[in-house]
Structure formats: structure tokens, C-alpha cells
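The values are calculated or read from the model by the stated rules, or taken from the named source; none is laboratory data. These numbers come from a predicted model, not from an experiment. Using ideal geometry, Cβ is built from the backbone for each residue, glycine included, and neighbour counts are taken over all protein chains shown. Accessible surface areas use protein heavy atoms only, side chains included; no ligands, DNA or RNA. Shrake-Rupley method; radii C 1.70, N 1.55, O 1.52, S 1.80 Å.
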Amino acid sequence: MFRKRILSLLILSSVLFSVAFADCPSHWAKESYDLGLSKGILHHDINANYSEFITREDFAKLVVHYYIRQKGYNNLEELLAVDLSSEFDAYEYPFKDLDYSLDSYKYIVAANILGFVNGVSSSEFAPTAKISREQAAKMLFTVYEKVLKDNSLDVEKHDEVAEFIDHSSISQWANKYVYPIRALGIMNGEGDNLFNPKGKYTREQAAVTVVRLSQMASDVIEDVEEHSPSDYERDRSSDDYDHETSHHQDEPHHTLPPAESQVGKEHESFGVAPPPNLGAGSVAGSDHLVTMTPPVFEEAEEPEIEKPSLFIALPNAYELKCYENKVVELVNKERADAGLQPLQQNPNYYSHAMTRAEEIVETFSHTRPDGSDFNSGIDGYSYAGENLAKGQDTPQKVVSEWMESPDHRENILRPEFTHITVAVYYKHNSEYKWHWVQIFSTP
């Protein structure tokens, strides 16, 4: 068995930190994402690039996807074939900037037929243009009206709401959508009674408001008295959940998660290892190698711990899962830069990888505590490799340091590998806190 090992130790000086997991939805959006994805209200394409501004095409797809689920259909084709059959057959395809042969643009066609969205002119849709907040308000309210109409219900009149301070900036056509959608609690202001009608709308803001719309429409249809979708959507007064702040940018950026002073960092790599009972080229178990979709986690109640003078917020399972996915993304970026194929995630080895992450808290070695090799306990592969690290408090740091080590870099860029499994284990009362494992494999 061929092995490579390297061990290094680095000591950092004290660092300041803030808790912000930019590779996950913001804390205020997490509950809506969990609910929306689990109920099929949101399509999985929206579950990425959360702080980027949403385009007109993506917002049209978002609301049409919800409408499809609301109608009880499985996909867009069913909606077009049943409810919109005659309209779709007669559609004149007015927008010259759309390639109607692309399936993705069928969502725009459906949204246009349903009256959810129009073009920016009679012949232009501008699919990649960023949607404004007042445009989002129109689409959301139009969808809400359509859902109630489909159920033979009318939109109830609501008490008038106070004008936004920037009311004069709201387009005249948008007033009849902005204030009703605010009264419904679906879309609120940015704080200080400002709406910012021409401001852009982020992907996670769009997702949250569509989930609110779904719950509000369901409440009316089911005639449930005084039902509130969730406490967090109603409790904010000035700075509502569809707010935009100065940190929103086109590409997510990352800040430091929990860390402490005198954090040590170690990393170790392991070369390819053929399994004891499988020859090179075996494909046992390959049918089970699939891309992993992150599960929905419930935040565990934070345990009682003796907190230092500087409060340290502990990462929960949901945030750690986002970190694991980010490591895979960064690894595949390195492989792409080297002209290599991306690695697929292998969920079958995740339990083993997490066990290894827990084991290296005390025994930082490719030899397991029971004396067996790192690959004991997994099967169905022809080659396997392992990278270990501890002490690095972000995916960027750990991947960067692995890439700076020749042995770790060799594993990451080994062309023979086709799959990867990543586990990160955080133990607050341990010396290094953060413990990372990469398992590389080839069926």
C-alpha cells in the first residue's frame, strides 16, 4: 500500500472574528429556505448565490414554480399542456432577446401568459437584468391574486398602511402593488420606513417572500384564523426580512467564523490506497455514488457552556454542512484551473468521514485509534485517499493550506479520483476546535 504523510503545525496570533456564513442563506432566511425546499415551494436552483441580485428570468421561474406546485402539477410541461394549452399554442413569442428553443425560457412564456410579468418593452424581456423591488412587488401580488382567483376567492381589502418615506420614488404604476403586498406582510421595507423601489432584490429575499406568499395564500384558502407562518416573519418592525444592506454584492464574500486566540493548525495527507479486497479498476458499489443534496437540519439548542469574556457563537450543523459544500466547491475550482474534471460528492462515505473527523481530535494520524488504516470501514472503490487538517476556521483557509502542501495538493489534483466526501467537526473545548477530513475515491 502506497502512503504519503506530512505533518505541519502553525500557531496564529489572536484574531478577531465575526459570525457570517456567506455560503448559506442568511440567518433570517434559513427557516424559509428549509420550509420552501422541503415543501417544494422553492426550486433547488434558488438554493445558491443567496446574496446575489436576482434576475428577471430567475424571478419569473421562482414564481411560476410556486404556481405549478399550488396547482398540483409536477412540472412546467403539465401546466402548459393542461391549464395553458390554448394560450401556449397561440403564443406569438414577442420578445426578440429570448431564445425560445431553451427550456428555461418556457418559464418566462408561462409567466407572461399568466400575467405575472411583462417585457421591458413590446419586443424586449431583458432576462438577465436585475429585478427591482417594485417590480418584485407587482409580480408577487399578481401571483397572489391569481392563486385566490383560481380558488374562487377575491383579495380582501386591508387596512391602509402608512406611506413609505420614499413614496415619491415609487413608480405610479407600482403603488397598487407595493402597499397591498406590504399590508399582507409578504414584502416589507428596508428599515426606517423606506421601500427603495428602484433597489435590487437578492435571491434570498426573493425566496423568503415567495414562501411568505405561499403561506399567506394557503391561510386564506384554508380560512385558518390568526395563523402566522412563523414568528420570525412577523416580529420585525423596522428592519424587515426582505431588507438589503450594504454588504450585499454580486458574489458572496466570507468573514471569519468562531475562532479563539492561539489556534493551532495541523494538516496531514494520505496518498491513494487500493482497498484490501478490490483490485484497481473495480466498480463495486458505483451505482450508489450520487451527488449529495444537503439535508435540512434543525438547529440544536446551544448547550450550556462557560463562555469567555468575548462571546463565541458555536456553529450549528446547518452551517457546518455549508462549510463542507464550500470545500467541495473550492476543490473543484482548483481542479478546473488545472484542467481536470470536477469531483462528485459521495454521500455513502459521509458517516465514515465524520467518524474520522471526530477521531483526529485526539489522534491526528491516518492510522485509526484501533490501529487500522484510514480506509478501513469503507468499500466499493478501487482507489481512495485522505487529507486531514485541524485548526483552520474557514473552508478557504483549509483548502488554501492543503494546496500549499505538495502531498495534499497531489490528492486534490489527482486525475484518477472521481468522488469526494468532506466532513468538518467542530469541538469547542478541544485544542484546535476545527477538524477537517477529505475522503477521495474512485469506484
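Data for the structure
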{"item": "Extension reserve of the residue 362-residue 338 stretch, reckoned as 0.36 nm per residue once the Cα distance is removed", "result": "5.2 nm"}
{"item": "Across 146/176; 96/149; 96/130; 30/176; 397/433; 39/200, pairs whose alpha-carbon gap is larger than 23 Å", "result": "96/149; 30/176; 39/200"}
{"item": "Tensor-based shape of the stretch 88-192 (alpha-carbon gyration tensor, a/c under 1.5 rounded, otherwise prolate or oblate)", "result": "oblate"}
{"item": "Pairs of Cα atoms farther than 25 Å apart, the stretch 29-133, %", "result": "21"}
{"item": "R0 of 45 Å, Cβ-Cβ distance residue 88-residue 183: FRET efficiency to nearest 0.05", "result": "0.85"}
{"item": "Per residue solvent-accessible surface (Å²) - the stretch 162-204, probe of 1.4 Å", "result": "43"}
{"item": "Per residue, the convex hull volume that the Cα atoms of the stretch 140-216 enclose (Å³)", "result": "95"}
{"item": "Column: log10 I(q)/I(0), Debye, Cα scatterers of the stretch 342-443, q = 0.17 Å⁻¹", "result": "-0.75"}
{"item": "Spin-label proximity, residue 430 to the stretch 372-405 - amide N less than 16 Å from point 7 Å beyond Cα toward beta carbon", "result": "387-395, 398"}
{"item": "Label-to-label distance, nm, for residues given as residue 193 and residue 27 (7 Å Cα→Cβ offset)", "result": "2.8"}
{"item": "For the stretch 175-216, Kirkwood radius (reciprocal of mean inverse C-alpha pair distance, Å)", "result": "10.9"}
